[in-house]
Structures are given as C-alpha cells and as structure tokens.
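Contents: one structure, followed by commentary.
The values are calculated or read from the model by the stated rules, or taken from the named source; none is laboratory data. It should be emphasised that the depicted structure is a prediction, and the values quoted were computed from it without experimental measurement. No Cβ is skipped: glycine too gets one built from the backbone with ideal geometry, and neighbour counts run over all protein chains shown. Only protein heavy atoms, including side chains, enter the accessible area calculation; ligands, DNA and RNA are left aside. Shrake-Rupley method; radii C 1.70, N 1.55, O 1.52, S 1.80 Å.
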Amino acid sequence: MMYDMLLGELMRHKLRTGLTITGVAIGILLIVSLGSFSEGIKIFVDQQLAYSSGLITVIKQDISFEGIMYSKVDENVIDELADIPGIEDISGFVMGTTPEVGWFGGIDFSKVDMFSGFSVELDEGRTPEEGADEVVLGYKAAERLDAGVGDSLKIGGRSFEVVGIYEEMGTEDDDSVITTLAKAQDVLGMDGEVTMVIIKPEDVSEARSIADFINDEYGDSEEIKAGTDEDVRKFAEQLTDQMSAMTFAMGSIASFIAGIVIMNVMFMAVRERRREIGVMKAVGATNRHILIEIMAESLAITFAGSVAGLVLSVVVVQFINGFLGGSFTAVITPSLALESTAFLMAIGALAGMAPARQASRLNPIEAIRYE
Amino acid sequence: MAKRAVFKLEKITKQYRMGEDVVTNALCGIDIEIENGEYVAIIGPSGSGKSTLMHIMGCLDSPTKGRVFIEGIDVSKMKDNELAVVRREKLGFVFQAYNLVNTLTAVENVALPMRFAGVGRGEAVRRARELLKKVGLTDRMGHKPNQLSGGQQQRVAIARSLINDPDIILADEPTGNLDTKSGQEIVELLESLNRKMGKTIVVVTHHLGLAQRADRRIYIKDGKVEREERKASRKRRR
Ligand SMILES: Nc1ncnc2c1ncn2[C@@H]1O[C@H](COP(=O)(O)OP(=O)(O)OP(=O)(O)O)[C@@H](O)[C@H]1O
Ligand SMILES: [Mg+2]
C-alpha cells in the first residue's frame, strides 16, 4: 500500500535485493529455457506432421526418429513395396548435409504432390532436370548462401547451377538445397540407397495396417521399419513429456531454492526493521498494514526477478538457437512466460507469508525497546 | 470547555511474568482520571512504572487487571486492530527516543499515521508540511532523522503525534535525551499545544520546569499513585 516506502526499503539494500532478484531470475531462466525446448519440440513436430500426415514412413530398422539422418534403405525396396495393395503412391528421398551448403537432399520431383500439405510453389525458376547438375533452393537457403537463379554452387566438390527458388514452406526444407534423387545419392555417397521411403495409402485409415503389414513381411528381411505419423507423434509426445518432466523437476528445485532465498531475505529484513515496524504499529499501523507491506516487498522482489529472468531467458534461448542453426528452435511462448512468472509469484507470496506474519505480530513496545 | 474525563483508569494492575514464579508488579492498582484539556505531569523514580502506565494509556499495552476508558470507551478489552485505530485517531505518542523511521524523511515520518489512516500521499504530505512549519522545521522537511539534531527529531515526533488531530498527546520523557536548551523548546512546544490548541497532555518527566508548568502533577512510586498536586489556577500564574 505504501509504494513510496517499499521502493526505499528495497533500494536501501541494493546488494541484497540484487542478489535475491538474481536468485529468482535464475529460477525463471531454468524453467523458461527448458520449457522453451519442450515448446520448440512441439512446434517442430507439428510442422513435420503437417506434411507427413496420413503418410507411412519407412526407415532403417534400428534407427530412431532422432537419428533419421543415418537411415539407409535399399532403393529396390520401393519397387517391392509399391505392389502392396492399398498403396496410392510411393517415393523415396535422400537427405544429408554437405560442408558447403548444409542441408542437402534429393527427391523425385514428379512426386512432390504426394506430400499432403506440401503444396510447394516455386517462387522463381523451375525444378532441376534429371541428369543435370542443377539444384533448387529453399528461400532461407537462398538467403543464407546468397544465391539466386543462374548462380552456381559448389556441392561435394562439383558445380551445381541454381535453377529455382521455392516459396516459404514453413518447415526445415526452407533451409535446404534440393536436387534430383540420383544426383543427391551421388553427392552423398548413397548409391542405390535412400534415407526414407514415403508411402501414401489410398485410405488414410489403412495407414496403420499397411505399416504393420510392411513390418511383418519385410521388416527383418529388408531391415526396415514402417511407421505412421501416429508413431512419430507418439515418439514426440514421449520426448516432450520427458522434457516437461525435466522442466518440472528442475523448475521445482530452482523455485524451491528461490523461495528459500526470498524467505530468508524477508526474515532478515523483518529482523533488522523490528524497531521501525514497532514504531509504525505504535503510530497506528494495523497488523494488516504491516503484513501487506512485507508481502508487497516480497512480491516486488519476485516480480523484478521474474522480469529479469525472462529477459535473460530470451537472450539465452536466442543464443542457443543460434547454435542449433535453425533446424530446430526453442520457443518462449507467451503462455510459458506468463505461467512461469505466475508460478514464481506464487512462490514469492508463499515465501513472504511467514516473515510477514512474524512482522505483523510484533509487539510494538518490545520492538521499540529493541535497540 | 466542558470538563469530561478523557482518561479514566480503574484499578489498573500490570504484572510482568518472567518464568514460572518471577513476577514483577509494575503497577498495583492505579486510579486516575484526566479531564479534557488538562495538562498532567507524571513524576516518579526510575522503575516506578511510569512508562508502563503510559503504554497502557497509549493503548500500546493492556493491563493485567482493571479498566481503561478513553473518552468514555472501554479500551481494555479491545483487539489489536481496534487498538491500532484508537492509537492513530485519538492519541499522539511522543517517546524519549523519538522513534522516527530512519529511512523516511521528516515529512514522510510525520505523514505516516495519516497514511495508515488511509489518506493519500499528497494530502498527508501537505498536512505534514503544515505541521513541520508549526514546529519550526520549515527548512528540514526532506531531512532524514540522522540528519537532524535530537531536539529537531523530537519536534518531528511531536508533529507526527499531531497529524491525525488527536485530542490527547502522551509524552514519555520527551526531553530525556535532550540538552537543557532543546529540552526547554520541547517543553514550550508541548505547553503551547495545551494552551493554544486545547490538547490534553500527559507527560512523564524528570524535567522540573516541565513538571511545574503542568496543571496537575501525579507522583508514582512502586506502581502506585503516591500523591497528587494541583496547580491552584492556571490564570493566576500569568
Ligand atoms: N517488558 C518487561 N518485562 C519485565 N519487566 C518489565 C518490563 N517492562 C517494565 N518492566 C518492569 O516494570 C517496572 C516498571 O517499569 P517502567 O519502565 O514502567 O518504569 P519507569 O517508571 O518508566 O522507569 P524509568 O524512569 O527508568 O523509565 C520495572 O521494575 C521494570 O523492570
Ligand atoms: Mg520509563
């Protein structure tokens, strides 16, 4: 209620206030940065699923979703699987990185349409022709490599001509350099192999049974593993659940420590202000006035710490995202920021309660005597 | 001014209990009545119970037994929060050790009881300035207590005791920490509050000058009223 006084008290002990604020800020930083990974994964997975939804993916048997880059599937499998009833379309693609251009992939351009939700439009130019050393760039890759239609790029020691630029797709393909399947296999040293086979079922509800059939019939012999987007979703959920659990655990520990720090500081503040609090009560402050005053201080410190922590989180997350290089980004969503601040404020309120009660119950005469 | 009792103490006792069977009888049956507009000095040796009595009258403490009426209202059974309201609305308290809030300026200290009464900062500060002017501290408004002399701090405390315009000022050895000259100024200030503003003043003092100017002197010894002296007439003195 007496904001004028509040600020003065907090400013009087700049170092102590600063340290407490730092403690709270670290708590927020931990929660928010870990949480931003969970959020980032969710968004990433949703993006992935947006254009693989309803599709069956086939990868190497002992590879998991996160190791997908190391998947290698024999090209001939595509022809074998194509005969399975209920399959509308099938295509393989190659994906990898090269030191010169980063993300580099090869697809069958005649089948671009089979990726539902992947209605890719060229912003400029055309798609590469079979057998030609030509590439098409995602818009981000074009910016990153500073290349346009007509320019040539060194990939795998060979010179490729840029013949087209894609419009924004909103997936990591934006940052990719793409050529024909055969050329990519050549450059990445994956002759006769693809990274992944994608199957579009005639009926989406059959995806599961087709995937099961593939696993039963070809799984061991071809060392492949078929999955639906449901599997990917499940895996992603598992991953985000694990992240959330970790965020919760770390966040709880950090908040608990922050709470103890706040409580300790507030007890200290009350102890050294016994006389002042006594004086205030002697001149007519009610228990509630004192209670509110101490609670307000506790909340003010927590709030300042939360804001500092959020700012810190933005900086740290941006820094980490810079490291990750754009394929995956940690995201601080507004609800994450709000919830973690609210959580810490609740901790601040809890931590302030005991000191505030103690202060409000001080006997004015004894407090005044105390010198 | 109509003579009515602003204070009525009935058989007040106060015991301090320390441990099982160590009991100090600080007050043992005090009956005092103080009328509106009176200027009363309470005198007695150290440890006789003067401060204890003042704290009970000032609603800072409650008696072990007996009843306290302030302007006819029994405060001896009041709860903490009700007592806080009585303290800030009906009473002003001046302490020997000034008891200002060190982190606040003179103006803010004076405004404090008014702020607790729910008055906004602007209004409270305006009134605080007026009062500081009255006690002669026009050029010390923004000073913190540690930038003020003892006499100045005590004047701030007196201004603070006046901010909610109470009828009663209680002062426990207000000149106890002051040299003769500043003590004299405080004495005169308190006297003018009584004479010019009609405040009821109860002051504990060893200060002879202060005691002699009071309308009535109550001598306390061993927690009892030993005797009283009444000034014959206020007018005759002038
Ligand atoms: N909180 C307390 N606990 C125990 N005993 C107390 C307490 N406060 C006062 N006393 C005792 O009560 C008696 C009266 O104390 P009080 O402070 O009222 O005396 P006083 O007349 O104001 O003395 P002085 O002139 O030195 O200020 C003393 O014997 C004192 O020791
Ligand atoms: Mg005393």
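Annotations
- The spread of Cα positions in the stretch A:63-222, taken along each principal axis and listed from longest to shortest, comes to 47, 29, 29 Å.
- The largest accessible area among B:Ile30, A:Ile87 belongs to the first residue in A:Ile87, B:Ile30, and the rest follow in falling order (1.4 Å probe, all chains).
- Averaged per residue, the stretch A:63-222 has 47 square angstrom of accessible surface, using a 1.4 angstrom probe with ligands and nucleic acids left out.
- Shielding of B:156-166 by partner chains, average beta-carbon count, 10 Å: 1
- Where both bridge residues fall in chain B, DSSP classifies roughly 60% of the beta bridges as antiparallel.
- Cα long-axis angle, helix A:229-272 against chain A (0 to 90 degrees, to the nearest 10): 20
- Share of carbon and sulfur in the accessible area of the protein assembly as shown stands at 54%, probe radius 1.4 Å.
- Residue by residue, the stretch B:96-106 carries 3J(HN,Hα) couplings of 4, 8, 6, 6, 8, 7, 5, 7, 9, 6, 3 Hz when phi is fed to the Karplus relation 6.51 cos²θ - 1.76 cosθ + 1.60 (θ = phi - 60°); x denotes Gly or Pro.
- Applying a threshold of 29 Å to the alpha-carbon distances of B:Lys50/B:Lys90; B:Lys14/B:Lys90; B:Lys90/B:Lys224; B:Lys79/B:Lys144; B:Lys90/B:Lys133; B:Lys133/B:Lys181 flags B:Lys79/B:Lys144 as lying beyond it.
- Considering only A:Ser91, A:Ser110, A:Ser298, the mean-square fluctuation computed in a Gaussian network model of chain A, springs between alpha carbons under 10 angstrom, is largest for A:Ser110.
- Top of B:Val23, B:Val156, B:Val202 by mean-square fluctuation, Gaussian network on chain B, Cα under 10 Å: B:Val23
- Evaluating 6.51 cos²θ - 1.76 cosθ + 1.60 at θ = phi - 60° for every residue in the stretch B:20-25, the Karplus couplings come out as 5, 10, 9, 10, 9, 8 Hz, glycine and proline recorded as x.
- Restricting attention to the stretch A:63-222, close to 75% of DSSP beta bridges with both partner residues there are antiparallel.
- Mean Cα-pair separation over length for chain A, i.e. relative contact order, pairs under 8 Å, 6 or more apart, %: 29
- Highest GNM mean-square fluctuation among B:Gln154, B:Gln15, B:Gln96, for chain B modelled with Cα contacts below 10 Å: B:Gln15.
- Interchain or long-range residues, amide H under 5 Å from B:Ala171's placed H: B:Val94, B:Val202, B:Val203, B:Val204
- Only helices enter the 222 nm calculation for chain A: every DSSP H run of n ≥ 4 contributes -39,500 (n - 2.57), and dividing by all residues gives -19000 deg cm²/dmol, rounded to 500.
- Under-5 Å amide H pairs with A:Leu153, H placed in peptide plane, nonlocal only: A:Phe160, A:Glu161, A:Val162
- For the residues of B:50-62, the average number of beta carbons from a partner chain within 10 Å of their own beta carbon is 2.
- Summing charges over neighbours of B:Gly151, with a neighbour being any other residue whose Cβ is under 12 Å away from its Cβ, gives 0 when K and R count +1 and D and E count -1.
- Interface A:B - total buried accessible surface [probe 1.4 Å, Å², rounded to 100]: 2100
- Percentage relative contact order, chain B, counting C-alpha pairs under 8 Å, at least six apart: 27
- Other protein chain C-beta atoms within 10 Å of residue C-beta, averaged over A:272-282: 5.
- What the stretch B:91-238 shows is 43 Å² of accessible area per residue, with the surface traced by a 1.4 Å probe over protein heavy atoms.
- Within the shell of other residues whose beta carbon sits under 14 angstrom from the beta carbon of A:Asp186, the net charge comes to -4, with Lys and Arg scored +1 and Asp and Glu -1.
- Peptides ranked, highest mean first, by Cβ atoms within 10 Å: ranges B:161-167, A:210-216: B:161-167, A:210-216
- Highest to lowest packing among A:134-144, A:235-245, scored as the average C-beta count within 10 Å: A:134-144, A:235-245
- In the structure shown, the pairs B:Lys134/B:Lys231; A:Lys42/A:Lys72; B:Lys11/B:Lys221; A:Lys154/A:Lys183 are assessed against 20 Å; a Cα-Cα span above that value is assigned to B:Lys134/B:Lys231; A:Lys42/A:Lys72.
- To the nearest ten degrees, helix B:80-90 and the longest principal axis of the Cα atoms of chain B are 60 degrees apart.
- Amide H partners (placed H, <5 Å) of B:Lys224, local residues excluded: B:Cys28
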